[in-house]
Amino acid sequence: MQYQIIHSTTYTYDRPVVLSAHTLRLQPRSDVTQKLLSFELEARPEPTKVSANIDLDGNATLKVWFPDKAVTSLAIKATSQVETYRTKPFDYLLEPWAVNLPIDYPASLLTQLQPYLVGQFLSYPGPIDPIAFQLSQAIWQETGGSTVSFLSELNQRIHQTCGYKIRETGSPLPAGVTWSQEAGSCRDFAVLMIEACRSMGLAARFVSGYQEGDPDASDRHLHAWAEVYLPGAGWRAYDPTHGLAVGDRHIAVYASPVASQTAPVSGSLKQGGGVQSEMTYQLSIQPIS
């Protein structure tokens with residue numbers, strides 16, 4: 001599938017401010033699952049410098065600097081064309097020692113996976129959420145320890161149990177809160193799945209991006225899901241919001257062991273303490289024939 005994505009974000013301030021450098025996480029990944037065909041960035045005020053970088057997880061980031069003058073708004077527009085390839089999410093064979101949980105990782109691999117095996121919220125690194133641990137233990141017993149069956153059932157259990165609600169802003173809720181209230185946003189469901197996977201010793205990370213959804217819908221939103229590292233298969237994605245193993249209808253932008261590090265735009269102000277701001281955004285995701 002090919003898609004054109006137009007993602008526009010505007011920040012409006014109640015008084016003039018001077019912008020510091022900002023980090024933009026808006027450029028879709030380019031890897032074996034998808035290819036970035038084109039990417040264009042527009043910003044007002046126009047940046048004085050743009051630096052393209054690669055982070056620890058291989059994500060593309062843009063660091064932008066702005067003129068040292070007061071403004072009352074910041075507008076950013078990212079236009080991307082992406083081709084997705086993963087039509088068969090289960091086209092892999094696990095390593096024999098990874099077929100059942102818990103996985104006994106080789107020492108060298110375990111060292112590399114450490115950032116994806118720790119809890120997210122109490123501290124970093126921190127303990128696994130106890131409610132997520134109880135959920136994972138119950139599913140592990142029901143699925144007989146099978147790694148693939150555990151992931152499929154966990155994905156479906158979150159999708160079928162928890163009601164979806166839109167939260168435009170704010171950090172993801174702790175996994176135990178989401179499961180206890182049986183409701184949340186896509187980022188809440190992603191964090192719940194990540195914590196449950198980690199409690200079983202499965203390395204997992206948070207992914208921010210886009211999902212095709214209804215092409216005729218005018219109200220579109222950023223999406224979030226989980227990626228799990230499976231020996232023999234690499235990173236494989238699961239979307240508990242839709243109860244799906246991710247295929248070619250998702251466009252990944254950014255992945256990180258910590259959800260807060262995937263924000264599309266982050267930065268601060270050189271001047272303007274106590275300023276009130278309002279953020280609005282528009283998103284268009286259109287398949288290309």
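Each value in this text was obtained by applying a stated rule to the coordinates, not by laboratory testing. Since the structure is predicted, the reported quantities are computational estimates derived from the model, not experimental observations. Note that we place each Cβ from the backbone using ideal geometry, even for glycine, and neighbour counts take in every protein chain shown.
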Output for the stretch 106-187: GluC sites (Glu not before Pro) sitting in coil per DSSP, at most 13 other Cβ within 10 Å, listed by number, reads E168, E182
Of the residues I6, A60, S277, the Cα lying farthest along the dipole of the chain towards its positive end, which is defined by charges on the beta carbon of Lys, Arg, Asp and Glu, belongs to S277
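Once the Cα gyration tensor of the stretch 18-89 is diagonalised, what are the square roots of 5 times its eigenvalues, in whole Å and ordered largest first, as equivalent ellipsoid semi-axes?
29, 13, 8
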In this structure, among K49/K77; K49/K270; K77/K270; K77/K165; K35/K165, pairs with alpha-carbon gaps over 20 Å are K77/K270; K77/K165; K35/K165
One would report the Cα pair-distance distribution of the stretch 190-289, bin width 10 Å, in %, as 13, 38, 28, 16, 4, 0
Expressed in µm² per second, the diffusion coefficient of the stretch 1-149 from the Stokes-Einstein equation, with Rh the Kirkwood radius over alpha carbon pairs, at 4 °C and 1.567 mPa s, is 65
Computed Rg/Rh for the stretch 232-289 (Cα atoms; Rh = Kirkwood radius) stands at 1.09
For the chain, the dipole about the Cα centre with charges only on Cβ (Lys and Arg +1, Asp and Glu -1), to the nearest 20 debye, works out at 620
With the charge dipole of the stretch 15-174 built from beta-carbon charges (+1 for Lys and Arg, -1 for Asp and Glu) about the Cα centre, the Cα from G170, G145, I103 projecting farthest to the positive end belongs to G170
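Determine the relative contact order of the chain: mean sequence separation of Cα pairs under 8 Å and six or more apart, normalised by residue count, in whole percent.
29
Under unit Cβ charges (Lys, Arg +1; Asp, Glu -1), what dipole magnitude, rounded to 20 debye, does the stretch 176-262 have relative to its Cα centre?
Around 380 debye, computed over the stretch 176-262.
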The answer for Y254, listing residues at least 5 apart or on another chain whose modeled amide H is closer than 5 Å to its amide H, is S208
Relative contact order in percent for the stretch 156-289 (Cα pairs under 8 Å, 6+ apart) equals 24
Under 19 Å by backbone N from the virtual spin label 7 Å along Cα-to-Cβ at Q4, the residues of the stretch 42-61 are 42-43
For the A70, Q282 Cβ pair and Förster radius 22 Å, calculated FRET efficiency rounded to 0.05 is 0.30
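To two decimal places, what compactness ratio does the stretch 74-116 give when its Cα radius of gyration is scaled by 2.2 N^0.38 Å?
Dividing the Cα radius of gyration by 2.2 N^0.38 Å gives 2.00.
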Inter-part gap, Cα centre of the stretch 43-117 to Cα centre of the stretch 137-213, in whole angstrom, is 20
With a Förster distance of 45 angstrom and the Cβ-Cβ distance between S38 and S180, calculated FRET efficiency to the nearest 0.05 equals 0.55
Karplus-derived 3J(HN,Hα) from phi for the stretch 166-172 (6.51 cos²θ - 1.76 cosθ + 1.60, θ = phi - 60°), whole Hz, x at Gly and Pro, runs 8, 10, 5, 9, x, 6, x
Of the convex hull drawn through the C-alpha atoms of the stretch 117-269, the volume per residue in Å³ is 119
Mean separation of Cα contacts under 8 Å (at least 6 apart) over the residue count of the stretch 136-210, i.e. the relative contact order in percent, is 27
If every Lys and Arg gets +1 and every Asp and Glu gets -1 at its Cβ, then about the Cα centre the stretch 98-238 yields a dipole, in debye to the nearest 20, of 280
Projected convex hull area of the stretch 169-238, Cα atoms, direction-averaged, in nm², equals 5.7
Once R15 and T111 are pulled to full extension, the length gained, defined as 0.36 nm per residue separation minus their Cα-Cα distance, is 29.7 nm
Karplus-derived 3J(HN,Hα) from phi for the stretch 247-259 (6.51 cos²θ - 1.76 cosθ + 1.60, θ = phi - 60°), whole Hz, x at Gly and Pro, runs x, 9, 9, 10, 10, 7, 10, 8, 10, 7, x, 10, 4
Expressed as a percent, the portion of alpha-carbon pairs in the chain spaced more than 29 Å apart is 37
